[in-house]
Each structure stands twice: as structure tokens, then as C-alpha cells.
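**Student:** So that we are looking at the same thing, I have put the structure below in C-alpha cells.
Computed from the coordinates by the stated procedures, all read-outs in this text should not be read as laboratory data. In this text the structure is predicted, and so the values were computed from the model without any measurement. Because the Cβ atoms are built from the backbone with ideal geometry, glycine has one as well, and the counts that use them run over all protein chains shown.
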There are 2 protein chains.
Amino acid sequence: MLTVTSVNVNGIRAAAKKGFVPWLAGSDADVVCLQEVRAEEAQIPDEARVPEGWHTVFAPAAAKGRAGVAVYTRREPERVRVGFGSEEFDTSGRYLEVDLPGVTVASLYLPSGEAGTEKQDEKYRFMGEFLTYLEGLRERAAAEGREVVVCGDWNICHREADLKNWKTNRKNAGFLPEERAWLGEVYDRAGYVDVVRALHPDTEGPYSWWSYRGRAFDNDAGWRIDLQVATPGLAARAVKAFVERAETHPERWSDHAPVTVVYEAGV
Amino acid sequence: MLTVTSVNVNGIRAAAKKGFVPWLAGSDADVVCLQEVRAEEAQIPDEARVPEGWHTVFAPAAAKGRAGVAVYTRREPERVRVGFGSEEFDTSGRYLEVDLPGVTVASLYLPSGEAGTEKQDEKYRFMGEFLTYLEGLRERAAAEGREVVVCGDWNICHREADLKNWKTNRKNAGFLPEERAWLGEVYDRAGYVDVVRALHPDTEGPYSWWSYRGRAFDNDAGWRIDLQVATPGLAARAVKAFVERAETHPERWSDHAPVTVVYEAGV
DNA sequence: CCTTCCAAG
DNA sequence: CTTGTAAGG
């Protein structure tokens, strides 16, 4: 049994003031992947940086207050790798991998982009390099007999069922045709599986992000952009998946909600 | 009878959320001079911008979110003047004058400075130009038979009794020998009177500003930098002066407290 | 320590 | 609308 949670904390310092720490203390997960930590390790309060019972590794961005990913594990990782071999992105606080027995777990924070701007070009550059990396990762993992799951904020919805207002967002970053096609490549060409969608093929959402603007959260006008993208062998072991909307964290300590998957032990 | 209050609000938008509006509603003053408004008029909520029963005039700074002075009066002013004829400072949101029958009331926000930096040079430039202006103002007012009071945050303490920690602040902006000497010139050469000190010659303070850092307020480690500097004829009419420390505005909607003087009617 | 700004999301 | 940063105080 392996329980993995992914959550974009939107600033761990702000989240720590609003309920992240008790949420983590109550979590049953074996691994928690964080995105948008937005702090250097030294700036994070102890309760969040070295919580009782967890090993934590951080990959902050070179730019202060930006991006930053982390992985919290109950057992110490066998190995830790920062970045994915990209000159442009390895110091941008967007990718971190840890090896646990038989499985590699990654925390990814893909650039959010903005249609028609240089930020979108950057997102496309990241996507290009990262897809190549994912293919190699799957091959290496297969050769070693290990599974992989890339958790994180992918900042892309694949299908209409993945966001409430898909019609009005067809020209917005996160649901552009090129982005959707790319995510299709991650599944069809690189051979990964969107675990939550595989378990819930016919549901709207479940959304994991709601804008702070307007009444997005109250209207459940959300996006399913926080994904667990796994190798088929691991995906086949997924027995349960859920998103913690307001019910379980009513304090709303982030604009994203935690996405959890329970993976069975053997095959 | 003329009651005049001066207060540095440290951002009128923040102050308005913390109690400035009810404080104003409960004020007995005829004139209230504000400093550090830190907003353009359009950004100020109505309750603070056009409060019931007041006429308000604003002199914002060209730089957004900086400085800014205002004068609130119960009767409409006869005339309003922004700045004091300085090319460098007239758009800096630091000086505003209104003429009321027989008396000119000004709201001043003197640069705070920082010892040994360009900011201190700017403060000295302001002080130089402003002293010249004050001399001319007193002469013109005398010729017209009018009195003058320049209310505001002067950002200088004249004497040791004007700040709690005078020993440790002798090399800090606000209590530098040159600044203290300059305030002496305002009194001795330009002929103005520090009204609150004239009424309370032998008291420590009363302080009107306490840093937000550390426990300055709780320890009453304050500075008396918010002054009413008047022509001798008006100063002679002052019958009462007080600073509203925590007692009367426990919400602490600014790091400064209002300084009020009651001036008798005739001479 | 607090209030603005701005960029980013 | 919220998070950081930075400057200013």
C-alpha cells in the first residue's frame, strides 16, 4: 500500500498560517508532493519544514518567492534528484524526484503560461523538454523494474470534463488545443496514465483548483490540473482516488485542493 | 473657539478599515490635518473621502502610494493652496494650506530622512526651502492680519524631552543636531511657536509616534514629531492640548496618534 | 512591524 | 483575489 497526495500550497508560509500543518498531521499519506512552496528552506517555519514523522526535501526556485517544489515522505528516500536535465528549468523550482523502494515519485510544477505571451512560449519550451524526459524516464524505470508517478500541478486540462467552464476557456492558457494535445502525447506516446481519470472515467472533474477571483470556489467553477501521472503498472494498482475539497479542509489554506491516490501493494 | 487636530494616518485606506472613520465621527475638531494619506482621492472609500459634515481637500503625491496630505474642515475653506512654491516638492504630497476666516491651517509631511543617505539630503533640501517659505508666510499673514498654524508630521524632535530614547537616537534621522538646530530656527528666526510644548513646557513628550517594531508602543518608547507650529498670536490663544494615545483609540489605526489643540476665540 | 507597490498566478 | 517582493516608513 502506498498513499500519495499532491497539492499546490500556493506559498507554504501562508498555508502554514492557515491550516496546512494540522492538515498534514491528519494525513494518512506515505508521500506528499508540494508545489508552489514559494520560499527557501530557511524561510519555512519548523512545523512545516521538518514536521514530526516526515522526511522532507525541497527544490526552491532561484527567483525568490517563486515556484518551488517539495516531497515529504514517511521513509527516507533512497535518492533525490532536482530538475530533469534542463539548462533552462533545473533551477526554476519546478521538478524534484525521489526514489522509494520500487517507485520513483516526482513533484512537478509546470509553468502556468498566458496565451499569446512570452510566458506561453516558456511553457511550451518546458513541455517540449519535459516530454522527452518523461519518455526516457519511463524507459529507464522499466529497465530497472521500477514504477513512476509524476505528481503535481500540470497546469493543463486534457478534456472538457476537466474544467467547469471549458467553452469560455478554449483560448486560455491551460486549455489551449496545443496544450491538450501535448497531454495526450504524455499518455499515448510516452505511455503514462492519468490515474484519477482512469479510476473515474465518467465524472466531471474532480476539480482541484478554483481561482480566488469572483465566486469560483462557491460555484465549483474549478479545473482538474493537479494530476498523478503514472506508469501503467503503478496506475493499475490504484484502488482509490479523491480530491479534498472544502469538506475536509474548510479553512481553504490554498486555492488548490489535495489530490490523493491509494496504490495497492503488489500487482 | 477653533479646535485643530493633526494626525499621520499611515495609509488612509488601511486606517479606514481599522477605525479612522468612527474616530473622525466622534471628533470635536473644526479642522483635521492628515498626513501619509498614501492614496489618490479616487482610491479612498467614501466614508473616509467625503465624511458626513466635512469638507475635504487632498494633495496626493505624484508617486503612487507615497506621502499625501489632506485637510478636513467643517466649514468650506476660503482658499486652498497645494505646495509651497518648490519645484522639487510641490508634487510630492507634502504640503497643503487652507484659508479659514482669519487663520491659515496647513498640513505638512516633512520627509523622514535616513542619516547618511540621499534621503537625508532630500530632507535637508526640503527643510531649507521650507524655512524660507515659513518666513515669508509669517510676514504675509501678519500684513493681512491673519494667523497661521502648520500642523503635521515634522519628523524632527527638538529636545531630549521629545523622545524617550534620545541618547541612542543622537545619530538617527529625526534627532540629528542639524535637524534640531533647524527646528530651533523655525521658532527663533521664523518666529513660530511649538504650541503643545508651550502649553506643557515641563513634561516628557507627549509622544505622538511609536514604531510598530518591537514593543515600542507598550513601552511608550515614542517620539513627539507631530506638531502644531503656530504664529505667536494664535499660539497665545491655545488653551488646551492633548495627544490621543491608546486610551481613546485603542484600535491603533495608525502608528501615530492624533494631536489636538483648542484655540480660544479672540485674543 | 506595517502599508503601500508590483509581478505572478 | 491572493501570494510573494521591494521600498518606504
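**Student:** Per 5 Å bin from zero, what fraction in whole % of the C-alpha pairs of region A:129-169 is there, up to the bin with the longest pair?
**Tutor:** With 5 Å bins starting at 0, P(r) equals 5, 18, 19, 17, 13, 13, 8, 5, 2.
**Student:** For chain A, can you list the cysteines whose C-beta has no other cysteine C-beta under 4.7 Å from it?
**Tutor:** Cys with no partner Cβ under 4.7 Å: A:Cys157.
**Student:** When all C-alpha to C-alpha distances in the protein assembly as shown are sorted into bins of 10 Å, what percent of pairs does each bin hold, rounded to whole numbers?
**Tutor:** Result, from short to long distances: 4, 16, 21, 14, 11, 14, 12, 6, 2, 0 percent.
**Student:** Then there is this: Where the centroid of each part is defined by its Cα atoms, how far is region B:1-44 from region A:1-73 in Å?
**Tutor:** Rounded to whole Å, the Cα centres lie 43 Å apart.
**Student:** How big is Rg to Rh over chain A, alpha-carbon atoms, Rh as the Kirkwood inverse-mean-distance radius?
**Tutor:** Rg/Rh: 0.93.
**Student:** Another one. Tell me which GluC sites (Glu not before Pro) from region B:183-267 have a DSSP coil assignment and no more than 10 other beta carbons within 10 Å of their own.
**Tutor:** Of the GluC sites (Glu not before Pro), the ones in loops of region B:183-267 whose Cβ has at most 10 other Cβ atoms within 10 Å are B:Glu247.
**Student:** Right, next: May I ask you to report, in nm to one decimal and beginning with the shortest, the distances from A:Ala236 to the same position in the other copies, taking label points 7 Å along Cα-to-Cβ?
**Tutor:** 10.3
**Student:** Could you give, in nm with one decimal, how far B:Gly214 is from each other copy of that position, shortest first, with labels 7 Å out from Cα toward Cβ?
**Tutor:** Distances to the matching label points in the other copies: 5.0 nm.
**Student:** Which one, A:Pro51, A:Pro206, A:Pro101, has the greatest fluctuation when you compute a Gaussian network model over chain A with C-alpha springs under 10 angstrom?
**Tutor:** Result: A:Pro101 has the largest fluctuation of those listed.
**Student:** Mind telling me which of B:Thr117, B:Thr56, B:Thr91 comes out most flexible in a GNM of chain B, alpha-carbon contacts under 10 Å?
**Tutor:** With Cα springs under 10 Å in chain B, the top fluctuation among B:Thr117, B:Thr56, B:Thr91 is at B:Thr117.
**Student:** Quick one: which of A:Lys123/A:Lys171; B:Lys17/B:Lys123; B:Lys119/B:Lys171 span more than 19 angstrom between C-alpha atoms? Display every interim value, and only then the final one.
**Tutor:** On the way: A:Lys123/A:Lys171 15 Å; B:Lys17/B:Lys123 31 Å; B:Lys119/B:Lys171 15 Å.
Where the Cα-Cα span goes over 19 Å, the pairs concerned are B:Lys17/B:Lys123.
**Student:** Right, something else. Build a GNM of chain A with springs between Cα atoms under 10 Å: which of A:Ala39, A:Ala29, A:Ala62 gets the top mean-square fluctuation?
**Tutor:** Checking each option, the largest mean-square fluctuation is seen for A:Ala62.
**Student:** Related question: Farthest toward the dipole's positive end in region B:193-249, which of B:Thr231, B:Gly214, B:Pro201, given Cβ charges of +1 (Lys, Arg) and -1 (Asp, Glu) about the Cα centre?
**Tutor:** It is B:Thr231, whose Cα lies furthest towards the positive end.
**Student:** Continuing with this model, one more query. What is the set of long-range amide H partners of A:Glu147 at a cut-off below 5 Å, with H atoms built 1.01 Å from backbone N?
**Tutor:** A:Val103, A:Thr104
**Student:** From the label point of A:Val80, set 7 Å along Cα to the beta carbon, how far off in nm is each other copy's matching point, shortest first?
**Tutor:** A:Val80 label point versus its equivalents elsewhere: 6.0 nm.
**Student:** Excluding residues on the same chain fewer than 8 positions from A:Lys240, give the lysines whose Cα lies under 27 Å from its Cα.
**Tutor:** Leaving aside lysines fewer than 8 places away in the same chain, those within reach of A:Lys240 are A:Lys164.
**Student:** Stick to Cα atoms and the Kirkwood definition of Rh, then tell me Rg/Rh for region A:11-66.
**Tutor:** Reported Rg/Rh (Cα atoms, Kirkwood Rh): 0.93.
**Student:** Follow-up question, since we're still on this one. Per 0.36 nm of contour for each residue apart, how much would the distance between B:Glu129 and B:Glu144 grow if the chain were fully extended, relative to their Cα-Cα spacing?
**Tutor:** Full extension of this stretch gives 3.1 nm more.
**Student:** Which value in deg cm²/dmol, rounded to the nearest 500, describes the helix-derived mean residue ellipticity at 222 nm for the protein assembly as shown, given -39,500 (n - 2.57) per DSSP H run of n ≥ 4 and division by the residue count? Could the numbers behind the result be given before it?
**Tutor:** Numbers: 14 runs with 130 residues, N = 534.
Value at 222 nm, helices only: -7000 deg cm²/dmol.
**Student:** Let me ask you something else. Would you please name the GluC sites (Glu not before Pro) within region B:1-81 that are DSSP coil residues with at most 11 other C-beta atoms within 10 Å of their C-beta?
**Tutor:** Taking region B:1-81 and a limit of 11 other Cβ atoms within 10 Å, the loop GluC sites (Glu not before Pro) found are B:Glu52, B:Glu78.
**Student:** Ok, one more. Quick check on region B:99-167: take the gyration tensor over C-alpha atoms, sort the square-rooted eigenvalues as a ≥ b ≥ c, and tell me if it's rounded (a/c under 1.5), prolate or oblate.
**Tutor:** It is prolate, given that a/c is not under 1.5 and a/b is the larger ratio.
**Student:** Go through region B:104-137 and name the trypsin sites (Lys or Arg not before Pro) that are in a DSSP coil and have 13 or fewer other Cβ atoms within 10 Å of their Cβ.
**Tutor:** Taking region B:104-137 and a limit of 13 other Cβ atoms within 10 Å, no loop trypsin sites (Lys or Arg not before Pro) are found.
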